[in-house]
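A short worksheet on the structure shown next.
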Amino acid sequence: MWSQIVAYGPAFADATKPTTLVVVGSGGTGKVELQDLLFTSVGNLPGLILVEWNVNAAFQGSAAMWGSYLFSLSKALFTHGKLPRLPFQSRRC
């Protein structure tokens, strides 16, 4: 189960004035680790920047994102906030 950060609404509607949902860092060097997050949007949001990464790693691996995904829910999974019924498939290995 992932935590989800969702962009929605008129703040992200203007492609000529893009708005960032999550800004990581302020341009310096440091440490940050993000894990198991969904950065998503609902609806047509042409002015959306999901994640802006502004961190230089203090050392290898100190500025990283693991197991996190960026995608549009309206196009990928949801229609009007409802989960579709997906068929379950199992395979023997």
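What do you reckon, is Gly47 surrounded by 14 or more Cβ atoms within 10 Å (Cβ to Cβ), modelled with pLDDT of 90 or more and at positive phi?
On the way: surrounded by 14 or more Cβ atoms within 10 Å (Cβ to Cβ): yes; modelled with pLDDT of 90 or more: yes; at positive phi: no.
The answer is no for Gly47.
Of the residues making up the range 42-58, those that are more than 12 Å from Thr20 (Cβ to Cβ) and under 11 Å from the mean Cα position of the chain (by Cα) number 0.
Loosely packed, with under 13 Cβ neighbours inside 10 Å, at pLDDT 85 or above and among the hydrophobic types (A, V, I, L, M, F, W, C), is that true of Ala11? Outline the logic, then answer.
Working: loosely packed, with under 13 Cβ neighbours inside 10 Å: no; at pLDDT 85 or above: yes; among the hydrophobic types (A, V, I, L, M, F, W, C): yes.
So Ala11 fails the test.
The values are calculated or read from the model by the stated rules, or taken from the named source; none is laboratory data. All values reported here derive from a predicted model rather than from experimental measurement. FYI the Cβ positions are ideal-geometry reconstructions off the backbone, even for glycines, and counts take in every protein chain you see.
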